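Notes follow once the structure below has been shown.
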There are 2 protein chains.
Amino acid sequence: MKELNTDVLIIGAGYAGIAAAKKLREAGKDFLVLEARDRIGGRTLTENLSSGATVDLGAKWVGPTQHLVWEWIKETQTATYDTYDQGKNLLKFGDKISAYTGTIPKIDPISLIDLGLAISKINRLSGQISTSEPWNHPKAKEYDAMTLATWMDKHLWTAKAKHLFEIGIQTVFAADASEISLLFALFYFKSGDNMDTLISIKNGAQQTILKGGTQGLVKKIAETWMDKIHLNEPLMSLTQSDEGIMAESAHLRVKAKKCILAIPPVLINTIGFNPPLPQQKAQLYQRMPMGAAMKVYLIYPTPFWRELSFSGQIVSDEYPLKVTFDVGHADTDLGILLVFVEGNDARNFIDLEEQERKKMILERVEKIFGHQAANPVQYLDKCWTEEVYSRGCYTGLMGPNTLTQLGPQLRVPFKHVHFAGTETAEKWSGYLDGAISSGYRAASEILSQN
Amino acid sequence: MKELNTDVLIIGAGYAGIAAAKKLREAGKDFLVLEARDRIGGRTLTENLSSGATVDLGAKWVGPTQHLVWEWIKETQTATYDTYDQGKNLLKFGDKISAYTGTIPKIDPISLIDLGLAISKINRLSGQISTSEPWNHPKAKEYDAMTLATWMDKHLWTAKAKHLFEIGIQTVFAADASEISLLFALFYFKSGDNMDTLISIKNGAQQTILKGGTQGLVKKIAETWMDKIHLNEPLMSLTQSDEGIMAESAHLRVKAKKCILAIPPVLINTIGFNPPLPQQKAQLYQRMPMGAAMKVYLIYPTPFWRELSFSGQIVSDEYPLKVTFDVGHADTDLGILLVFVEGNDARNFIDLEEQERKKMILERVEKIFGHQAANPVQYLDKCWTEEVYSRGCYTGLMGPNTLTQLGPQLRVPFKHVHFAGTETAEKWSGYLDGAISSGYRAASEILSQN
């Protein structure tokens, strides 16, 4: 077993870990990064497909207020594209398919009012939540004792509006409304401004696509100091003394003064800590399960739906195809349709054979876009619940009674160990921007001690 | 690293693992057990205190319908005692202390009716749930989309009744009602018959105390084959091939044809599986956090409260002392008062200094029992959230949207690996009896394959 020494050891080379490393490097601090996978990027993964398309199998978009990601984009001179957002969106409900424009589907006036009211109500509630201390809201305990589904039952009256709201929730959280606490949902919305921002393309979280993908961006950030990153080194144990930490990974023993854990919460509980994690933190990380996110890509010779005046955006009530986007862009002729399968749907869908999955998806798309949709040049899907070093995506969720009781533990250091990861972010928690800010914060905690 | 070979490798020497081993042994099967701790017994831990009292710091009681535990009691000729249950119970609400007999405290008639109706309502609901397939109930999805706290909000109208109901829930689950799914609660009640059984001494889950404690019982079961159990061997990795499994613990490499995991769900995710756990199982074990259970023992020269015609049972609204029992027994003169601190209370309370904890508890007891309560000969407490090889107690809980979506995965084997543990039991899930039946079931799965 090889022994190494450094000042700061960073665990995890996703956006959070790379951001922490970047900040330490700029401050002239000695550091090393251990990464469990054979690649950097964590929950981003960009692939160049045989069809010629470049696709993000993990995190994909950048929103206009995700300033930290934009700093990286500028620094690396990465080209960007707007997500295609012209023409008519399609809503499939039962046997009926209707076209609409904008974010809110064309449904009957009553359902439309119901949906609009619910979204504005939840935006009003989330507007009152502090992202730094959501547990301090006067009604925090009440909001944290119920699921978001319970809130929806109370505040949504029409089946259609409820259904559409639920699809929005699944797309935002990669989980069902029944799984998450109302308070956590309010915090999450506020963290990215509001629900509208999270579900929108224009001025929203789905506005911009990166040339070379989101993994490409983080690779560019780290490309001149990749020698600091040790791949294929899953962390096994972490021992602390007064002097510092000693970490053991698959093939390395690293001594450091400080450590930053930049991995998903659920993975923190897999590390052998000596001394053990404080009990409140250990209980917290048992209570932040990862969502179930799946991306399905259909690559076509052309984005034929555009010629039919369709945007490529579908909202449908039929498992497994509930939400799609056109993610083609300026420098390809290919039509790239992205299908989201989320939450319970994702866990069930990925257990089918690939041929069956492809067949089901294509049947649904064909029903909506017609026969041209039946023969993509390529089908590719990925479910993040199968990734051992993420255990799901997009983020660590909180069911009821977690944020109020254990949320205050999120950013508390444990002796020499500091905690990064998008789940610890106040702004854009669950997103790339939150990952970057969390890495910067953890690095700052260490830099400010010297 | 020493290499061993066996037919069946059992991970965990708690009640489930020992039960599995016992069954395999009786069938003449070759087996070994790896245990992470330096002792057997898992979530049971019996200590002989300097004051002369023998106390269970973990699981304590046996109920009359826990037939599998009774078989062990008979087989080992273990003496038993009835939990002391005579005299008046005490209810402290605000500044008022009132005495009552039976399980239901003496409160105003309206609150009393409210409480009685809620308990009978929840018993009626849980009576409809199948313990083998709770996810198949027609309303399973609805019940699993809300917390038990939400149900209480709807069905309990008086503050007092709600408060008492909540104390009952905390004592049964070692968690708050806001943390668990209604469906999970209904399953859990049904699994032990009904809510009354779970909160009662007489004919209930708190009826019988074992001489030598519950850890003493499992030690007797295994005492002639302790050579089969390797202590201090936390499992690190588990590799499977067509032929069988290869397990690596701290100091051993064990090859076996089959494996039984008899450890808490949350610990399953800490094992390095190769190939990885199926994604649905991996997601399940992220969603079964352990409760937070704490036991506080106050040892007095005599059970002085008995002379005052008190039972030693207190129900109080004041943190941290909410529920107490007299657990003294026939062959000691000592008064042994057991205080439960549960859920959020437990996590907060254990983080205080021991002197502060003792002071707070004694102040509360003195307020109720008078000055004689101020000077116990011994104070001892234990919070199971601090136990690295349990991560909490009593059991792995389910928040909303877990039992319906991932519950069917609980008992599904993964190639050569079978799953025991009280959380996998249909009857008395969360209790010792459920642990035994789960071990027997897992062993039977393997025996039936040969």
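The values are calculated or read from the model by the stated rules, or taken from the named source; none is laboratory data. Keep in mind that what you see is a predicted model, and the values were worked out from it rather than measured. All Cβ positions, glycine included, derive from the backbone under ideal geometry; neighbour counts span all protein chains shown.
Looking only at segment B:114-130, which residues are over 14 Å from B:A159 (Cβ atoms) and not basic (K, R)? Give the steps one after another, and end with the answer.
First, the residues of segment B:114-130 that are over 14 Å from B:A159 (Cβ atoms): B:116-117, B:119-130.
Matches in segment B:114-130: B:G116, B:L117, B:I119, B:S120, B:I122, B:N123, B:L125, B:S126, B:G127, B:Q128, B:I129, B:S130.
The residue pairs whose first member lies in segment A:167-183 and is touching a residue at least 12 places away in the same chain (Cβ under 8 Å), whose second member is crowded, with 24+ Cβ neighbours inside 10 Å and among the polar types (S, T, N, Q), and whose beta carbons are closer than 6 Å, counting only pairs six or more residues apart or on different chains, are A:D176/B:N401; A:S178/A:T147; A:S178/B:N401; A:E179/B:N401.
Filtering segment B:133-146 for residues that are at pLDDT 95 or above and either β-branched (V, I, T) or in the same structural domain as B:G434 (by TED's automatic domain parsing) (or both) leaves an empty set.
Inspection of segment B:213-222 finds no residue satisfying the criterion of being within 26 Å of B:R347 (Cα to Cα), hydroxyl-bearing (S, T, Y) and not in a helix (DSSP H, G or I). B:T150 meets all of the listed conditions (1) within 14 Å of chain A (Cβ to nearest Cβ); (2) under 22 Å from B:K295 (Cβ atoms) but one, namely (2).
Can you name every residue in segment A:330-357 that is within 22 Å of B:L284 (Cα to Cα) and over 19 Å from the mean Cα position of the chain (by Cα)? Of everything in segment A:330-357, those that are within 22 Å of B:L284 (Cα to Cα) and over 19 Å from the mean Cα position of the chain (by Cα) turn out to be A:N348, A:F349, A:D351, A:L352, A:E353. Among the residues here, B:P320 does not qualify as over 24 Å from the mean Cα position of the chain (by Cα) and surrounded by 17 or more Cβ atoms within 10 Å (Cβ to Cβ). Of A:S126, A:S178, all but one fail to be closer than 27 Å to A:L406 by Cα, within 12 Å of chain B (Cβ to nearest Cβ) and touching a helix residue (DSSP H, G or I) at 6+ places or on another chain (Cβ under 7 Å); the exception is A:S178. Tallying residues that are modelled with pLDDT under 95 and within 24 Å of the chain's Cα centre (by Cα) within segment A:90-132 yields 3. Filter segment A:164-188 for residues that are over 21 Å from B:I180 (Cβ atoms) and touching a strand residue (DSSP E or B) at 6+ places or on another chain (Cβ under 6 Å) and give the result. A:I167, A:Q170, A:T171, A:A174, listed by residue number.
In segment A:333-450, which helices (runs of 4 or more DSSP H) lie fully inside it and hold 2 or more residues that are out of contact with any strand residue (DSSP E or B) (no Cβ under 7 Å at 6 or more places or on another chain), within 14 Å of chain B (Cβ to nearest Cβ) and at pLDDT below 95? Step through it out loud before you land on a result.
On the way: elements: A:344-349, A:354-369, A:403-406, A:432-447.
Filter on segment A:333-450 gives an empty set.
B:R253 falls short on exactly one of the conditions (1) within 16 Å of the chain's Cα centre (by Cα); (2) part of a strand (DSSP E or B), and that condition is (1). Beta carbons closer than 9 Å, at least 6 apart along the sequence or on distinct chains, pair a first residue in segment B:143-162 that is touching a residue at least 60 places away in the same chain (Cβ under 8 Å) and part of a helix (DSSP H, G or I) with a second that is among the aromatic types (F, W, Y) and surrounded by fewer than 24 Cβ atoms within 10 Å (Cβ to Cβ) for B:K160/B:F93. For segment B:236-263, a residue qualifies if it is farther than 19 Å from B:V388 by Cβ and among the β-branched types (V, I, T), and the qualifying residues are B:T239, B:I245, B:V254, B:I260. Scoring A:M246 on the criteria (1) farther than 17 Å from A:I361 by Cβ; (2) facing another protein chain (nearest Cβ under 10 Å); (3) surrounded by fewer than 24 Cβ atoms within 10 Å (Cβ to Cβ) leaves a single failure, condition (2). When B:T239, B:T214 are checked against the criterion of being farther than 30 Å from B:I122 by Cβ and either free of Cβ contacts under 8 Å to residues at least 24 places away in the same chain or touching a strand residue (DSSP E or B) at 6+ places or on another chain (Cβ under 6 Å) (or both), B:T239 stands alone in meeting it. Go through (1) in contact with a Cys (Cβ under 8 Å, 6 or more places away or on another chain); (2) free of Cβ contacts under 8 Å to residues at least 60 places away in the same chain for A:I10 and report which single condition fails. Single failed check for A:I10: (2). Return the residues of segment A:284-331 that are within 14 Å of another protein chain (Cβ to nearest Cβ) and part of a loop (DSSP other than H, G, I, E, B); say none if nothing qualifies. Hits for segment A:284-331 are A:Q286, A:R287, A:M288, A:P289, A:G291, A:A292, A:Y319. When restricted to residues that are over 20 Å from the mean Cα position of the chain (by Cα), among the polar types (S, T, N, Q) and more than 30 Å from A:Y84 (Cβ to Cβ), segment A:274-316 contains 4.
Taking only segment A:268-283 into account, find how many residues are more than 9 Å from chain B (Cβ to nearest Cβ) and buried (at least 24 other Cβ atoms within 10 Å of the Cβ).
Narrowing segment A:268-283 to residues more than 9 Å from chain B (Cβ to nearest Cβ): A:268, A:274-275, A:281.
Imposing the further condition that a residue be buried (at least 24 other Cβ atoms within 10 Å of the Cβ) reduces the set to A:268.
The total comes to 1.
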